[in-house]
Amino acid sequence: MEKWPLGVFASINAGLGVHLDVAHELGVPTIHLHAPARAARTAQHGENFLARLNELGIAISVVFGGFEGESYADIPTVKRTIGLVPPETRAERTREMEEIADFARLLGVDTVALHLGFVPHDRADRLRAEVVEVTRRLCDHCAAQGQRLHLETGQETADTLLEFLEDVERDNLFVNFDPANMILYGCGEPIEALRKVGRYVRSVHCKDATWSDRPGETWGAEVPLGEGDVGFENFLATLKDLGYDGPLTIEREIPQDPDRQKHEIGRGIRLLNELKSKIL
Ligand code: MG
């Protein structure tokens, strides 16, 4: 495959990311797919969807899981509701994530990803040990069907993430690096973080953001690609240094305004193409 093919975050029906037809209009060859709701994760739906993707000439590189009850309203709400960290929903969500991996396998996709949630930083924390354990279980489920698991970045610093990856001790566990999340959550300068976790980075989100005036307490702002504080020329140059040659997948989190989303992603594609021809 071409080096650094462009992609967008997309969904089958309602969900995060652009509609598949929009991905086609934007002319990208790859997508990250936000997994559909359980009712749509059947073999029949999977087959129909694959046929449509083939028609459009689009390949899925990663399937992302998400769960009912998650909310990104503000940082404390994220801590309380996201991923496999909250104990009261963990067992159910872990089962669901395994089902999502099974659906990804039906689609012929070898990588699934998720926001694990706010992993406690203290290695002695019992909750952290539980999250390590459940991540192992999920990695093993994926490994049994030849899949990798990618953790989305942002909810912890690069150092905390590295410690966590080491503690899980699974060789199919990697990172989806989202530079904007590092800024949005106030978890560290993204390029420095990318260098630190670089050896684990197997997929990326091209998303931009500006810092909060109270990093880690309140959100920064997600903005169109190239208008924030990531610095995409530097980001791509760093990916090149690291030997990353996978897709550059644009994520723009304004599904409530699809026309603007499409327009801004279109501009993001032009920017990334310019930078690619300069850097590659
Ligand atoms: Mg992301």
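Give all pairs with beta carbons closer than 9 Å in which a residue from region 154-181 that is touching a residue at least 24 places away in the same chain (Cβ under 8 Å) and closer than 18 Å to LEU239 by Cα meets a residue that is in a loop (DSSP other than H, G, I, E, B) and away from the ligand (no atom under 15 Å from the Cβ); count only pairs at least 6 apart in sequence or on separate chains. From residues that are touching a residue at least 24 places away in the same chain (Cβ under 8 Å) and closer than 18 Å to LEU239 by Cα, the pairs are ALA158/GLY188; PHE177/TYR244; PRO179/GLY231; ALA180/ASP229. Outside any helix (DSSP H, G or I) and either modelled with pLDDT of 95 or more or not polar (S, T, N, Q) (or both): which single residue out of ASP229, ASP241, ASP259 fits that description? Going through ASP229, ASP241, ASP259 in turn, the sole match is ASP229. Scanning region 243-265 for residues that are crowded, with 16+ Cβ neighbours inside 10 Å and over 18 Å from the mean Cα position of the chain (by Cα) returns LYS262, GLU264.
If you go through region 111-161 and pick out every residue that is open to solvent by less than 20 Å² (accessible area, probe 1.4 Å) and charged (D, E, K, R), you end up with 3.
Could you list all residues from region 184-229 that are away from the ligand (no atom under 12 Å from the Cβ), farther than 12 Å from ALA158 by Cα and aliphatic (A, V, I, L, M)? Once the filter is applied, which keeps residues that are away from the ligand (no atom under 12 Å from the Cβ), farther than 12 Å from ALA158 by Cα and aliphatic (A, V, I, L, M), region 184-229 yields ALA221, VAL223, LEU225.
Which residue, of THR89, THR42, is open to solvent by 20 Å² or more (accessible area, probe 1.4 Å), more than 17 Å from the chain's Cα centre (by Cα) and modelled with pLDDT of 95 or more? Before you say what the answer is, go through the steps one by one.
On the way: THR42 fails: modelled with pLDDT of 95 or more.
Among THR89, THR42, only THR89 is open to solvent by 20 Å² or more (accessible area, probe 1.4 Å), more than 17 Å from the chain's Cα centre (by Cα) and modelled with pLDDT of 95 or more.
Does GLU133 fit the bill of being at pLDDT 95 or above and either within 16 Å of the ligand (Cβ to nearest atom) or not small (Gly, Ala, Ser) (or both)? So GLU133 passes the test. Name the one entry in ALA124, ALA180 that is within 16 Å of the ligand (Cβ to nearest atom) and either hydrophobic (A, V, I, L, M, F, W, C) or within 23 Å of PRO76 (Cα to Cα) (or both). None of the others qualify; the one that does is ALA180. Can you find a residue that is closer than 20 Å to SER61 by Cβ and assigned to a strand (DSSP E or B) anywhere in region 179-188? Looking through region 179-188, none of the residues is closer than 20 Å to SER61 by Cβ and assigned to a strand (DSSP E or B).
Can you tell which of GLU264, GLU274 is assigned to a helix (DSSP H, G or I) and touching a Pro at 6+ places or on another chain (Cβ under 8 Å)?
Values: GLU274 fails: touching a Pro at 6+ places or on another chain (Cβ under 8 Å).
From the options GLU264, GLU274, the qualifying one is GLU264.
Restricted to region 241-259, and to residues there that are charged (D, E, K, R) and out of contact with any Lys or Arg (no Cβ under 9 Å at 6 or more places or on another chain), the residue that is nearest to the ligand (Cβ to nearest atom) is ASP257.
Restricting LEU194, LEU271 to residues that are in contact (Cβ under 8 Å) with a residue 24 or more places away in the chain, farther than 29 Å from LEU149 by Cβ and either exposed (fewer than 15 other Cβ atoms within 10 Å of the Cβ) or touching a Leu at 6+ places or on another chain (Cβ under 9 Å) (or both) narrows the list to LEU271. Is it the case, given these coordinates, that ASP171 is away from the ligand (no atom under 16 Å from the Cβ), more than 27 Å from ALA37 (Cβ to Cβ), among the acidic types (Asp, Glu) and modelled with pLDDT of 95 or more? Yes.
Whether any residue in region 199-214 is under 25 Å from ARG128 (Cβ atoms), within 16 Å of the chain's Cα centre (by Cα) and open to solvent by 20 Å² or more (accessible area, probe 1.4 Å) is what I want to check. Within region 199-214 (the criterion being under 25 Å from ARG128 (Cβ atoms), within 16 Å of the chain's Cα centre (by Cα) and open to solvent by 20 Å² or more (accessible area, probe 1.4 Å)), the answer is yes, since at least one residue qualifies. Taking the conditions exactly as written (basic (Lys, Arg), out of contact with any helix residue (DSSP H, G or I) (no Cβ under 6 Å at 6 or more places or on another chain) and under 23 Å from ILE12 (Cβ atoms)), does ARG52 satisfy them or not? It is true that ARG52 is basic (Lys, Arg), out of contact with any helix residue (DSSP H, G or I) (no Cβ under 6 Å at 6 or more places or on another chain) and under 23 Å from ILE12 (Cβ atoms).
The values are calculated or read from the model by the stated rules, or taken from the named source; none is laboratory data. Every value quoted in this text rests on a predicted model; they were computed, and no experiment measured them. For neighbour counting, all protein chains shown are included, and Cβ atoms are generated from backbone atoms with ideal geometry for every residue, glycine included. Accessible surface is based on the protein model in full, side chains and every heavy atom, while ligands, DNA and RNA are left aside. Shrake-Rupley method; radii C 1.70, N 1.55, O 1.52, S 1.80 Å.
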